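Notes to accompany the following structure.
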Amino acid sequence: MPKKVLVIEDNHQNMYLTTFMLERHGHKVLQAWDGQQGIEMAAQALPDLILLDIQLPEMDGYAVAKALKADPRLAMVPIVAVTSYAMAGDRERILASGCNGYIEKPINPETFLAQIEQFLAPAGPGEV
Ligand code: MN
């Protein structure tokens with residue numbers, strides 16, 4: 001089932017690859033190139049999923065995730081962080097900021113969709 005995915009990513013190559021894979025699987029992609037734009041687009045479009053780069057200019061992904069989760073209309077929208085940080089503490093920081101999960105860069109085209117789709121699975125009422 002096609003979903004609306006907001007990708008917040010400042011790197012053109014990653015944006016291109018992510019968008020290509022999602023669209024090839026029938027999803028609709030909205031592109032935001034920084035955190036502020038991402039927050040505005042999320043509030044307007046109410047996406048089914050947000051893919052969030054952690055390393056963003058000005059407002060980093062942690063701050064963006066907190067802002068998104070603070071908006072009651074967006075609180076239920078799953079956020080998947082995309083990060084090149086592999087250290088254990090970052091995983092906790094990512095989850096503490098409100099992200100529902102994370103994917104490590106470099107994105108693996110073989111497993112990317114499967115990783116994403118566990119967050120796009122239809123959730124029952126009240127299920128996060
Ligand atoms: Mn980045």
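The values are calculated or read from the model by the stated rules, or taken from the named source; none is laboratory data. Predicted model, so just to flag it, every value in this text is computed and none were measured. So basically every Cβ, Gly included, is an ideal-geometry build from the backbone, and we count neighbours across all protein chains shown. Side chains included, ligands, DNA and RNA excluded: accessible areas come from the protein's heavy atoms. Shrake-Rupley method; radii C 1.70, N 1.55, O 1.52, S 1.80 Å.
Computed values, structure above
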item: Among the candidates GLU23, GLU9, residue that is within 14 Å of the ligand (Cβ to nearest atom) and either open to solvent by 20 Å² or more (accessible area, probe 1.4 Å) or not hydrophobic (A, V, I, L, M, F, W, C) (or both); result: GLU9
item: Filter pass, ASP60 being crowded, with 17+ Cβ neighbours inside 10 Å, within 18 Å of CYS99 (Cβ to Cβ), charged (D, E, K, R) and within 13 Å of the ligand (Cβ to nearest atom); result: no
item: Breaking point among (1) surrounded by fewer than 20 Cβ atoms within 10 Å (Cβ to Cβ); (2) touching a Gly at 6+ places or on another chain (Cβ under 8 Å); (3) not aliphatic (A, V, I, L, M), for GLY98; result: (2)
item: Selection status of ILE107, of a type outside the set (Asp, Glu), closer than 17 Å to ASN14 by Cβ, in contact with a helix residue (DSSP H, G or I) (Cβ under 9 Å, 6 or more places away or on another chain) and open to solvent by 10 Å² or more (accessible area, probe 1.4 Å); result: yes
item: Residue within segment 38-53 that is within 12 Å of the ligand (Cβ to nearest atom), open to solvent by 20 Å² or more (accessible area, probe 1.4 Å) and not charged (D, E, K, R) present; result: no
item: Residue among LYS3, LYS66 that is open to solvent by 10 Å² or more (accessible area, probe 1.4 Å), more than 16 Å from the ligand (Cβ to nearest atom) and in contact (Cβ under 8 Å) with a residue 40 or more places away in the chain; result: LYS3
